[in-house]
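None of the figures in this text is laboratory data; all of them are computed from the coordinates on show. Given the structure is predicted, the values throughout are model-derived calculations rather than measurements. As a convention, Cβ positions derive from the backbone with ideal geometry for all residues, glycine included, and neighbour counts pool all protein chains shown.
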Amino acid sequence: MSGRRRKSITNTNKGSSAIRNNNLDEGVTTFGLWLNAEDKKSLTTPIMMKEFAEGRRVVLQDNILQKEVIVSIVEGIPFCNECRSNDCAHVGFAICAEQLTNKSKIE
Ligand SMILES: [Zn+2]
């Protein structure tokens, strides 16, 4: 946690591996990356899960924004406190996380 890094938010380079569409689809893709990552705390995954309180909230670490993002789940519907949206990558990620835990419970 040393030093400050400046990141340009506008990334128009389409060749980049970290394009930010910031929609549900991107969250789903990102979740897949995280799930398959050997190191779940690796900074190479754009988003990783920090905390999961089922049916209440999901705390994510956004490695592109370099900050913690909280997705609240209100009556089963996730809402991102960072983007003030229910259609962003964080919400997509949270939905996948919920589905995964539901699945593993059934089995
Ligand atoms: Zn978001």
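Quick notes
- Exposure proxy order (Cβ contacts within 10 Å, fewest to most) of THR30, THR101: THR101, THR30
- Amide proton proximity set for ILE47, modelled H, under 5 Å, gap of 5+: ASN63
- When the Cα positions of ALA97, VAL28, ILE64 are compared along the charge dipole of segment 24-106, ALA97 comes out farthest toward the positive end, with charges on each C-beta of Lys, Arg, Asp and Glu.
- Between LEU100 and GLU38, the modelled labels are 1.8 nm apart [label points 7 Å from Cα along Cα→Cβ].
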